[in-house]
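So the structure is just underneath, and the comments pick up after that.
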Amino acid sequence: MAYQVIARKWRPQTFREVVGQRHVTQTLANAIGQNRLAHAYIFCGTRGVGKTTTARILAKCLNCVNGPTAEPCNVCDACREITSGGSLDVLEIDAASNRGIDQIRELREMVRYAPASGRYKVVILDEAHQLTDEASNALLKTLEEPPEKVVFILATTEPEKLADTIKSRAQLFQFRSLTFQEIASALEHITKEENLEIEQGAIAVLARAAEGSLRDGLSLLEQAIAYSGDKITDAQVRELLGVVAEDVLDDLVEAIANHSAERALTLVQRLHAEGHNLQHFCREAIRHVRNLLVAKVSGADSPLIAAPEDERPRLEKQAAPFAEEDLTRFFQILLATDGDLRRKPDPRLHLELGLLRLVNAARLAPLEEVLAELRGESTARPAAARNPNPVRSVSAPAIPSSGYGGASEKKFQAAAASGAIENPRVPIVQGAVAEKAGPVPISAPRVIAKLAESQFSGLAAAQLESIQSALRNQQKFLWSMVEHASRWELQGSEMNLYFPPESRALAEMLQARDPMEKLRTVLSTVMGQPLRVCVKLDSSRSSVPRASEMRARFEEDPIVRAMLERFGGQISDVKRRSED
């Protein structure tokens, strides 16, 4: 008998042997047992996860001499013919090469006839998404009203390309990618049955390289057997597949932990000299950092880690010096580096740049830690994750929402961005933006009843208190604008509100019809008489500090001084936010 490759030799012959697709096999077995068989199925999923195999098993279940049954005997003529691919009642059609309307018309003619020897005629249409639009339309009527004792099974890796009209006429089953543990267990079982000696590290490399496809894993195992014979070692499999050794990844982690750019560049030189594919190494590094992150988040015993048991203590030890945000940052940098290696020339240069970014990224620390440190507070970040010479980036604060919504909200944001609403001033420190630590309100509350009496004309203290209370309780957004008025004047039945020049945007917002009507209603109610409200700019008053005053203010600010000392910088310029 001719040699049969492992992927075919160990192809599942019953539902119980299918790996990782119990949600599909159990449903099909129940449907057979309850005599609720559908006339059309769609099996979708990535390559090598059991779609066509499950379709063949279903055909055996329907045509077995003991059937219909969920447990085909695999010894009767019908089962053996289906297994060998010689059954006249099971038609396997490759839609990639038989995708036209003429082939589908021939298929429709074939299924009109009764099964030759079995109970059912089963049509397995592989890569069904390759059918042309005309062929799909020709298949619709047959799927909707198929001849008696005919079952259609459409297998596809891209179900989104199937016509919705076809999907609506069939039951769809999603085959999932297999986990690392499922593939590793299957490979270990098969190598044991084949009397092969294989190291656990080799199984792990094969399972990872399979990328969720058991068939790919078995094909790689076949290749390893041809290369190594009956004794397969970890080093041999890595050499065969071009996968770097674990000690190379260990060297990378140590270079990052020790902030050694020299070791990182030397590592790239070593990989280049040994002829390794640099993009493959980058992907191995992504896989390794992902394992470190999972070990940090979920513990070394987590089933989410794609590594054998004996490697997990090492992963836990390597993850210990880093915080979760560090490992997440490493993960993102490596993903970006992989994209550069794939799209751009000179892979060595881009890998070197990526590893240097990793080394420098380990020196970064969260903004919260910087601010807490400047305030003299302690943080919960582990000491092992800190670095004595961090390089940190501190950004300016986002403008908070006013809570008013709609067009008024947009005006409020624009006013805040322009400096009309008071914000903490931001010094430029060697090109980076630095700001005061801690939460700072948009504007320090100004209670009008406590301002200097010279700022009010014709208003009593009780009236001021009533206005303040009414606005705060009834119109909070109005109050957030009105409190910036520098002077109030009541002349008969006219209330004048004066705003400083830097609050021109607020004055214009207040002059809009809606806020002006609301303000007039509140003031008239409080004062007990109809009032006319006027909003004006106070040309006699300007609160804009000169550049020298602003610079002096920031030079004396304790937080700014602490940041300058920490980063070794200097204030190059001070600008109002509206001047940016």
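The values are calculated or read from the model by the stated rules, or taken from the named source; none is laboratory data. Quantities reported herein were computed from a predicted structural model and do not represent experimental measurements. Here the Cβ is made from the backbone with ideal geometry for all residues, glycine too, and neighbour counts use every protein chain on show.
Among residues of region 155-171 that are over 20 Å from Val122 (Cβ atoms), those with a Cβ under 8 angstrom from a residue that is of a type in the set (Ser, Thr, Tyr) and at pLDDT 90 or above, sequence gap 6+ or separate chain, pair up as Thr157/Thr46.
Look at region 492-507: where a residue is assigned to a loop (DSSP other than H, G, I, E, B) and a partner is modelled with pLDDT of 85 or more, sitting 6+ places away or on another chain with Cβ atoms under 8 Å, you get Ser493/Gln529; Ser493/Pro530; Ser493/Leu531; Ser493/Arg532.
With a requirement of 2 or more residues that are in the same structural domain as Gly45 (by TED's automatic domain parsing) and over 30 Å from Val237 (Cβ atoms), the helices (runs of 4 or more DSSP H) lying completely within region 106-203 that satisfy it span 133-144, 164-167. Which residue is farthest from Pro321 (Cα to Cα), if the candidates are limited to region 226-244 and must be in contact (Cβ under 8 Å) with a residue 24 or more places away in the chain and not aliphatic (A, V, I, L, M)? Within region 226-244, the match that is farthest from Pro321 (Cα to Cα) is Asp230. Contact annotation: residue pairs with Cβ atoms under 6 Å, 6 or more positions apart or on different chains, pairing a residue in region 245-256 that is acidic (Asp, Glu) with a partner that is assigned to a helix (DSSP H, G or I), are Asp251/Leu267. Of all residues in region 12-23, those that are assigned by TED's automatic domain parsing to the domain that holds Cys79 have Cβ atoms under 7 Å from Cβ atoms of residues that are in a helix (DSSP H, G or I) and of a type in the set (S, T, N, Q), 6 or more apart or on another chain, in Pro12/Thr53; Gln13/Thr83; Phe15/Thr25; Val18/Thr25; Val18/Thr53; Val18/Thr54; Gln21/Thr54. Any chance you could count how many residues in region 318-358 are closer than 25 Å to Ala300 by Cβ and not aromatic (Phe, Trp, Tyr)? Matching residues across region 318-358 total 16. Meeting the requirement of 2 or more residues that are over 28 Å from Glu148 (Cβ atoms) and of a type in the set (D, E, K, R), the helices (runs of 4 or more DSSP H) wholly within region 1-105 are 6-9. Within region 489-501, does at least one residue satisfy the condition of being crowded, with 19+ Cβ neighbours inside 10 Å, at pLDDT 80 or above and under 30 Å from Ser572 (Cα atoms)? There is at least one residue in region 489-501 that is crowded, with 19+ Cβ neighbours inside 10 Å, at pLDDT 80 or above and under 30 Å from Ser572 (Cα atoms). Do we have any residue at all in region 465-484 that's surrounded by 13 or more Cβ atoms within 10 Å (Cβ to Cβ), assigned to a loop (DSSP other than H, G, I, E, B) and modelled with pLDDT of 85 or more? No, that holds for no residue.
Looking only at region 279-296, decide whether some residue is out of contact with any Pro (no Cβ under 7 Å at 6 or more places or on another chain), part of a loop (DSSP other than H, G, I, E, B) and in contact (Cβ under 8 Å) with a residue 24 or more places away in the chain. No, region 279-296 contains no residue that is out of contact with any Pro (no Cβ under 7 Å at 6 or more places or on another chain), part of a loop (DSSP other than H, G, I, E, B) and in contact (Cβ under 8 Å) with a residue 24 or more places away in the chain. Scanning region 202-223 for residues that are more than 13 Å from Gly48 (Cβ to Cβ) and without any contact (Cβ under 8 Å) to a residue 24 or more places away in the chain yields a single hit, Gln223.
Yes/no per residue for (1) modelled with pLDDT of 90 or more; (2) surrounded by 14 or more Cβ atoms within 10 Å (Cβ to Cβ); (3) under 44 Å from the mean Cα position of the chain (by Cα); (4) charged (D, E, K, R):
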{"residue": "Lys60", "(1), (2), (3), (4)": "yes, yes, yes, yes"}
{"residue": "Asn63", "(1), (2), (3), (4)": "yes, yes, no, no"}
{"residue": "Asn74", "(1), (2), (3), (4)": "yes, yes, no, no"}
{"residue": "Ala78", "(1), (2), (3), (4)": "yes, yes, no, no"}
{"residue": "Ile82", "(1), (2), (3), (4)": "yes, yes, yes, no"}
{"residue": "Ile93", "(1), (2), (3), (4)": "no, yes, yes, no"}
{"residue": "Asn98", "(1), (2), (3), (4)": "no, yes, yes, no"}
{"residue": "Asp102", "(1), (2), (3), (4)": "no, no, no, yes"}
